[in-house]
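In what follows, a structure is listed as structure tokens, so that the remarks can point back to it.
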Amino acid sequence: MVLLLMVSGSVYHMLLSTVRLARSQAEHVALQSNVRGAAVVVGNELRELSTAAGGGGAANDLLSLGPAAISYRAMRGFGYSCQTSGPGFLRISRNAFFAYRDPQPGRDSALLYLSGTPTPADSGWAAMAISAVTGPTTCGAGEPAISLTLPAAIGSIPVGTPVRIYEPMELAAYQSDGQWWLGIRSLSSGEAIQPVFGPLAATEGFRLVYSDAAQMATVIPSSVKSITVTIRGSGTNDNHSPAGPLTEALTTQITLKNAQY
């Protein structure tokens with residue numbers, strides 16, 4: 001009986017250790033996958049941004065910078081005007097409109113590249129609020145189009161004018177129910193922040209470092225040329241390990257698109 005109890009205890013201990021190890025490995029794999037997925041989401045959001053050193057507000061997609069939060073213009077579509085309309089009206093050819101979705105009034109805005117006068121050096125992007133979207137409509141030759149209502153002060157918009165549709169967004173670490181999460185929200189719609197990934201590690205779970213053209217740290221939005229993103233995920237510690245919950249960190253550097261030096 002004594003030998004049987006000793007052998008049974010040893011076997012039980014081995015089985016328990018094996019189960020704990022399998023659970024720990026599965027949790028580690030899931031945590032790695034989630035951290036990588038979060039890095040892909042953040043990269044897709046920030047990789048399309050651009051800045052221009054010394055440029056004005058419309059020339060820079062970065063709106064505000066923080067160590068664990070960033071607000072920016074998220075591109076939602078790109079196209080060209082297809083018909084000269086009256087002041088405050090813009091028609092975009094649907095055949096040449098590449099977009100995540102159709103523009104939404106009150107949520108999205110438009111960036112128009114207006115040719116400057118009297119010299120081309122005066123050309124540049126101008127930000128316009130979209131007050132209404134109507135459709136279906138057509139351009140001159142019956143080509144399907146999207147019609148936008150903009151401020152009347154901009155006057156008539158020439159055919160072929162490049163148009164970028166954007167939405168002000170924020171990526172940030174936030175705390176809820178005692179845990180930290182990576183969230184995203186639309187600034188123009190006033191919606192509550194929605195979780196993208198979590199839980200994050202309590203210390204530096206989401207970290208942003210901004211660098212200029214010389215790879216020196218900067219806090220000036222127009223000077224940013226790359227962003228180093230660190231995401232540190234945290235496990236649940238269901239096994240009550242004395243070492244605490246598992247953590248997994250991933251750091252990536254994102255170079256901004258069309259950054260002007």
Identify, please: which residue in the range 164-189 is part of a loop (DSSP other than H, G, I, E, B) and open to solvent by 60 Å² or more (accessible area, probe 1.4 Å) and is, among those, nearest to residue 101 (Cα to Cα)?
187
Six or more apart or on different chains, Cβ atoms under 7 Å: show the pairs whose first residue is in the range 199-224 and more than 16 Å from residue 66 (Cβ to Cβ) and whose second is part of a helix (DSSP H, G or I).
212/223
Got at least one residue in the range 123-138 being open to solvent by 60 Å² or more (accessible area, probe 1.4 Å), at pLDDT below 80, outside any strand (DSSP E or B) and not aromatic (Phe, Trp, Tyr)?
no
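Listed here are the residues, each with its yes/no results for (1) over 17 Å from the mean Cα position of the chain (by Cα); (2) modelled with pLDDT of 90 or more; (3) within 30 Å of residue 83 (Cβ to Cβ).
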| position | (1), (2), (3) |
| --- | --- |
| 145 | yes, no, yes |
| 183 | no, yes, no |
| 223 | yes, no, no |
| 232 | yes, yes, no |
| 238 | yes, no, no |
Index of the failed condition, residue 107 passing every other in (1) among the charged types (D, E, K, R); (2) over 27 Å from the mean Cα position of the chain (by Cα); (3) at pLDDT 85 or above:
(2)
Determine whether residue 201 is at pLDDT below 95, over 16 Å from residue 43 (Cα atoms) and out of contact with any Ser or Thr (no Cβ under 7 Å at 6 or more places or on another chain).
no
Contact list please: Cβ distance under 6 Å, first residue in the range 103-115 and in a loop (DSSP other than H, G, I, E, B), second residue among the small types (Gly, Ala, Ser) and open to solvent by 10 Å² or more (accessible area, probe 1.4 Å), pairs at least six apart or on different chains.
105/131; 105/132; 107/188; 107/189; 115/123
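Please specify each residue of the range 25-47 satisfying the condition of being closer than 18 Å to residue 227 by Cβ, open to solvent by 70 Å² or more (accessible area, probe 1.4 Å) and either part of a helix (DSSP H, G or I) or at pLDDT below 85 (or both).
In the first step, residues of the range 25-47 are kept if they are closer than 18 Å to residue 227 by Cβ; the result is 35-36, 38-47.
In the following step, the residues that additionally are open to solvent by 70 Å² or more (accessible area, probe 1.4 Å) were identified as 36, 40, 44, 47.
Scanning the range 25-47 gives 36, 40, 44.
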Of the conditions (1) surrounded by 16 or more Cβ atoms within 10 Å (Cβ to Cβ); (2) farther than 10 Å from residue 221 by Cα; (3) in contact with a helix residue (DSSP H, G or I) (Cβ under 7 Å, 6 or more places away or on another chain); (4) not basic (Lys, Arg), residue 59 clears all except one; give me its number.
(3)
Per the list (1) under 29 Å from the mean Cα position of the chain (by Cα); (2) open to solvent by 40 Å² or more (accessible area, probe 1.4 Å), residue check on residue 158 breaks on (1)
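Which members of the range 63-85 meet the condition of being assigned to a loop (DSSP other than H, G, I, E, B) and open to solvent by 30 Å² or more (accessible area, probe 1.4 Å)?
Restricting attention to the range 63-85, the residues satisfying the condition of being assigned to a loop (DSSP other than H, G, I, E, B) are 66-68, 84-85.
Once the filter is applied, which keeps residues that are assigned to a loop (DSSP other than H, G, I, E, B) and open to solvent by 30 Å² or more (accessible area, probe 1.4 Å), the range 63-85 yields 67, 68, 84.
The values are calculated or read from the model by the stated rules, or taken from the named source; none is laboratory data. It should be emphasised that the depicted structure is a prediction, and the values quoted were computed from it without experimental measurement. Every residue, glycine among them, receives a Cβ derived from its backbone with ideal geometry; neighbour counts consider all protein chains shown. The area values use the complete protein model at the heavy-atom level, side chains included, leaving out ligands, DNA and RNA. Shrake-Rupley method; radii C 1.70, N 1.55, O 1.52, S 1.80 Å.
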